Amino acid sequence: MAYAREGADVAINYLPAEEPDAKEVVALIRAEGRKAVAIPGDIRAEAFCKKLVSTAVEQLGGLDILVNNAARQQAHKSILELSTEDFDWTLKTNLYAMFWITKAAVPHLQAGAAIINTASVQAYDPSPQLLDYAQTKAAIVSFTKSLAKQMAEKKIRVNAVAPGPFWTPLQVCGGQFPDKLPEFGATTPMGRPGQPAELASVYVLLASYEASYATGQVYGMSGGSGNP
């Protein structure tokens, strides 16, 4: 919605089960007078990731900004409770999909384009119950810095945002233990979690020409916890 308010046409991806939520988002984007393209599918499949990009390019008439934001986060008390299936699910969603989508998008990006990945406070201060999630977020930081060096000669900027803690569906869908939800974000200096609207402007900035000298950077937004 923040991108639409700045004049962008937007394509979004989501799981088919999230269709009702997607319709709401599409309506809000269109209410800003912009084109909204809804592309349902599971990004754990490389073939779909390629289709996702090609459909977005076709429907939007090109591609200027790529935001890799999808993630899976599930809390487990012990590594002994973390199954290979769960581990694979998290890595496929958080890392493989980012790689596949970015690889498919790069040939369509021109000089001045921007890639923005979503890392996390978990990359720098990992919680014991988020072993698989935290390591994917640390990997995203390295992926961002390395790819930025590759893309610099093409004048394509690559940055990441490291939020945390933010009040999103990740938290109430198994990302936190239920008994911990009432105190979520309370340990930050600001004493509360952030809201998605407080984070959107960072993504908009990194996509804009105002951030033309920023690449390979990780922008923290953590309520005073002192992350990058």
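The values are calculated or read from the model by the stated rules, or taken from the named source; none is laboratory data. This structure is a prediction, so every number in the text was calculated from the model and none was measured. Cβ atoms come from the backbone with ideal geometry, glycine included; neighbour counts cover every protein chain shown.
Has the range 170-184 got any residue that is out of contact with any Pro (no Cβ under 6 Å at 6 or more places or on another chain), more than 23 Å from ASP86 (Cβ to Cβ) and not β-branched (Val, Ile, Thr)? Yes.
Selection of first residues in the range 152-181 that are charged (D, E, K, R) and of second residues that are not in a loop (DSSP other than H, G, I, E, B), restricted to Cβ pairs under 8 Å at least 6 apart or on distinct chains, gives the following pairs, ordered by first then second residue: ARG157/ALA114; ARG157/ILE115; ARG157/ALA148; ARG157/MET151; ARG157/LEU206; ARG157/ALA211.
For the range 178-207, a tally of residues being in contact with a strand residue (DSSP E or B) (Cβ under 6 Å, 6 or more places away or on another chain) and at positive phi returns 0.
The residue list GLN217, GLN176, GLN171, GLN135 contains one member that is crowded, with 20+ Cβ neighbours inside 10 Å and of a type outside the set (Asp, Glu), which is GLN176. Examine the range 212-225 for a residue that is more than 23 Å from THR93 (Cα to Cα), touching a strand residue (DSSP E or B) at 6+ places or on another chain (Cβ under 9 Å) and part of a helix (DSSP H, G or I), and state whether such a residue exists. Checked the range 212-225: no residue is more than 23 Å from THR93 (Cα to Cα), touching a strand residue (DSSP E or B) at 6+ places or on another chain (Cβ under 9 Å) and part of a helix (DSSP H, G or I).
A search for C-beta distances below 7 Å between a residue of the range 103-116 that is more than 13 Å from ALA56 (Cβ to Cβ) and any residue that is basic (Lys, Arg), counting only pairs 6+ apart in sequence or on different chains, returns ALA111/LYS154; ALA111/LYS155; GLY112/LYS155; ALA114/ARG157.
Evaluate the following for LYS51: is it charged (D, E, K, R), more than 17 Å from PHE99 (Cβ to Cβ) and surrounded by fewer than 17 Cβ atoms within 10 Å (Cβ to Cβ)?
No.
Every residue in the range 76-93 that is over 15 Å from PHE48 (Cα atoms) and surrounded by 13 or more Cβ atoms within 10 Å (Cβ to Cβ), please.
HIS76, LEU82, ASP86, PHE87, ASP88, TRP89, THR90, LEU91, listed by residue number.
Within the range 143-200, the set of residues being of a type in the set (Ser, Thr, Tyr) and either in contact with a His (Cβ under 7 Å, 6 or more places away or on another chain) or under 18 Å from VAL121 (Cα atoms) (or both) comprises THR144, THR168, THR187, THR188. On inspection, ALA71 qualifies as under 17 Å from the mean Cα position of the chain (by Cα), touching a residue at least 60 places away in the same chain (Cβ under 8 Å) and within 16 Å of ALA160 (Cα to Cα). For the range 94-127, the candidate set comprises residues that are modelled with pLDDT under 95 and over 22 Å from ARG44 (Cα atoms); within that set, the residue that is surrounded by the fewest Cβ atoms within 10 Å (Cβ to Cβ) is ASP125.
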